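Quick notes on the structure that follows.
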Amino acid sequence: MAHKKSHPTALHEKDGIEQPEIVSSDSVAQIRQYRRQQPTSEQLIAGILSGDKIALSRAITLIESTSTTHLEKANEIIKACLPYANKSVRVGITGVPGVGKSTFIEAFGKYLTGLGKKVAVLAVDPSSSISHGSILGDKTRMEELVKDENAYIRPSASGESLGGVARKTRETIILCEACGFDTILIETVGVGQSETAVHSMVDFFLLLNLAGAGDELQGIKRGIMEMADAIVINKADGDNIKRARLAKTEYNRALHLFPMKNSGWSPKVTTCSALTQEGIPDVWNTIEEYFTLTRENGYFHQKRKEQNQYWLLETINEQLKQNFYNHPDIQILLEENKKAVQNNEISPFAAAKLLLDNYFK
């Protein structure tokens, strides 16, 4: 009986062609060796003050680290950079998801570098509450700005910090200023508690909006609009121009209902298209007007002092919380009390008092 000749199936894998060696093994070894070498605090400080973006990125990574060793090194770098900071303008940019924040920031950033500004973009990406991961895709979305020599983009994961503002954004601002960046743009993760935190670390707060977004946002608009120093109606192009102009009129009317700001500034509404660049210069002109006014009346420097005080108290709160949960005795006691609370053997308030009393012994 003749045997049938077996034929390979469609899933049969053929031997591939071996690829030539295109990367030098010596180069790979050198890169690996370089990565293993951790630069000293002095080297990073010198790099930052000379405008080296790589040194800046490495220092920011230390700031964001939860390692005690890294924290000591980061504090040393911040202290050395502090005398060279506070020479920039800080602009917070927020808006609902889909408003075009990344596209606007890229167009705005390119316009500013065109004026000779050095722009640092600190973009905070939301972390998943389930996997704790972040996409950190802002460099991909801002592909033109990321190639600009006078721009620096740093996406950071929000972690578990309030409202999605990265835990160490404020320290990052100091390093960026010491590195020579005179305009800091801070992008929030969207509408929520993060706006309050960003508002407390910037000089100017910009709210991006869309025309015809509907009334579903009215509940959050009041709080956000009271903080905003300017409202920009984005995507004012094509068929949307008429709607954008109408929205501008409506927002102008709404702003008149709010009380006068302590800065003496009357918030302005403008339209722009990040796609066509139309209206981008007007946005910067509005920001410059604000800075001229607040520097003359002293509000600019007064606000900076108040922000420093606010962040002193916030840092104390954060440090106390971190020390409490990392205390070995408290960790054991906490697990015991969690079970006791779940079984209704002790009330949550009594358990909390017990834990705090033990911590402050």
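The values are calculated or read from the model by the stated rules, or taken from the named source; none is laboratory data. Please read all numbers here as calculations on a predicted model, not as lab measurements. Every residue, glycine among them, receives a Cβ derived from its backbone with ideal geometry; neighbour counts consider all protein chains shown.
Taking Glu72, is it acidic (Asp, Glu), without any contact (Cβ under 8 Å) to a residue 40 or more places away in the chain and outside the structural domain of Lys147 (by TED's automatic domain parsing)? So Glu72 passes the test.
Across the stretch 199-246, the number of residues qualifying as touching a strand residue (DSSP E or B) at 6+ places or on another chain (Cβ under 9 Å), modelled with pLDDT of 80 or more and assigned to a helix (DSSP H, G or I) comes to 7. Taken as a whole, the condition of being free of Cβ contacts under 8 Å to residues at least 60 places away in the same chain and surrounded by 11 or more Cβ atoms within 10 Å (Cβ to Cβ) does not apply to Leu275.
Evaluating Phe104 against the criteria (1) surrounded by fewer than 19 Cβ atoms within 10 Å (Cβ to Cβ); (2) modelled with pLDDT of 90 or more; (3) not in a loop (DSSP other than H, G, I, E, B) leaves one unmet condition, (1).
Scanning the stretch 107-139 for residues that are at pLDDT below 80 and of a type outside the set (S, T, N, Q) yields Val124, Asp125, Pro126, Ile130, His132, Gly133, Ile135, Leu136, Gly137, Asp138, Lys139.
Of all the listed residues (Ala85, Ala166), the sole one being modelled with pLDDT of 85 or more and either over 22 Å from Asn234 (Cα atoms) or surrounded by fewer than 21 Cβ atoms within 10 Å (Cβ to Cβ) (or both) is Ala85. Does the stretch 278-289 include one or more residues that are in the same structural domain as Lys101 (by TED's automatic domain parsing), assigned to a loop (DSSP other than H, G, I, E, B), touching a residue at least 12 places away in the same chain (Cβ under 8 Å) and closer than 24 Å to Val91 by Cβ? Yes - at least one qualifying residue is present in the stretch 278-289.
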